[in-house]
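Just so it is clear, none of the values below were taken in a lab; they were calculated from the coordinates. The structure displayed is predicted, hence computed values, not measured ones. No Cβ is skipped: glycine too gets one built from the backbone with ideal geometry, and neighbour counts run over all protein chains shown.
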Ligand SMILES: C[S@@+](CC[C@H](N)C(=O)[O-])C[C@H]1O[C@@H](n2cnc3c(N)ncnc32)[C@H](O)[C@@H]1O
């Protein structure tokens, strides 16, 4: 990562810290329109997880840990690690889950050791004023980190370039689903799924490594 990349991420970090301060640990605090759209995204991402037993999960760009609460609500048994660049998200996540010994948060990627699965929800959407190519590079770097940090696979979502042109915003990143499908097939695993059928301007990719 070069200096420009870290400047872009610094802006994103401040943006989300401010959102949390204004709205608290709610869907608005992580910049979603509704809890429903937040949970529709979660439901797609967890199609990756094939487990009736306890598993471990890294949530990359976890916010305050809404994914953990969602999974607990479904009755999943898991060790959860939420990673977020915005320290206030990590602090909030820890406070909210102080009574859950299997729920942890970190703002330091270097201290994370591999887990079975990783999920990424909404993390790549807000690019602010970064240009498209620079942001694509940041996303690809994060996908490689996810590959290194998982043994069984990872899933991520992004806004789609197949959005209505008149509603697209310059501060958001609209990715090409075919580019990312191809990238994942070539670089990460033979078993890759592209889900683009759940009525949001959004797609999900599942990368199954085993
Ligand atoms: C739209 S919010 C989604 C939060 C959570 N995944 C959810 O769905 O409730 C995106 C989160 O990703 C974090 N984030 C953005 N870029 C990141 C990066 N490169 N590494 C780690 N966290 C990042 C932000 O700080 C923010 O908390």
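Annotations for the structure displayed:
- Between region 134-210 and region 61-85, the alpha-carbon center distance in angstrom: 20
- For region 1-53: relative contact order, % (alpha-carbon pairs under 8 angstrom, 6 or more apart): 17
- DSSP assigns beta bridges within region 105-210; of those with both partners inside it, close to 65 percent run antiparallel.
- Residues in region 54-93 that a label on residue 26 would reach, taking backbone N under 20 Å of a point 7 Å out along Cα→Cβ: 63-70, 88-93
- For the chain: rounded, prolate or oblate by the Cα gyration tensor [a/c cutoff 1.5]: rounded
- Value at 222 nm in deg cm²/dmol, rounded to 500, when DSSP H runs of n ≥ 4 in the chain each add -39,500 (n - 2.57): -12000 deg cm²/dmol
- Gyration tensor verdict on region 16-120 (Cα atoms; rounded if a/c is under 1.5, prolate if a/b is larger than b/c, oblate otherwise): oblate
- Relative contact order (%) - criterion: Cα under 8 Å, at least six apart; region: the chain: 19
- Extension gain, residue 178 back to residue 7 (0.36 nm per residue minus Cα-Cα distance, nm): 58.7 nm
- Cα convex hull, region 24-76: 79 Å³ per residue, rounded to a whole number.
- Region 16-59 versus region 114-129: alpha-carbon centroid distance in Å: 10
- Subtracting the Cα-Cα distance of residue 17 and residue 53 from their residue separation scaled by 0.36 nm leaves 9.5 nm.
- Pairwise label distance in nanometres, residue 196 with residue 95, each label 7 Å out on the Cα-Cβ vector: 4.1
- FRET efficiency, residue 168 to residue 35 (Cβ-Cβ, R0 30 Å, nearest 0.05): 0.80
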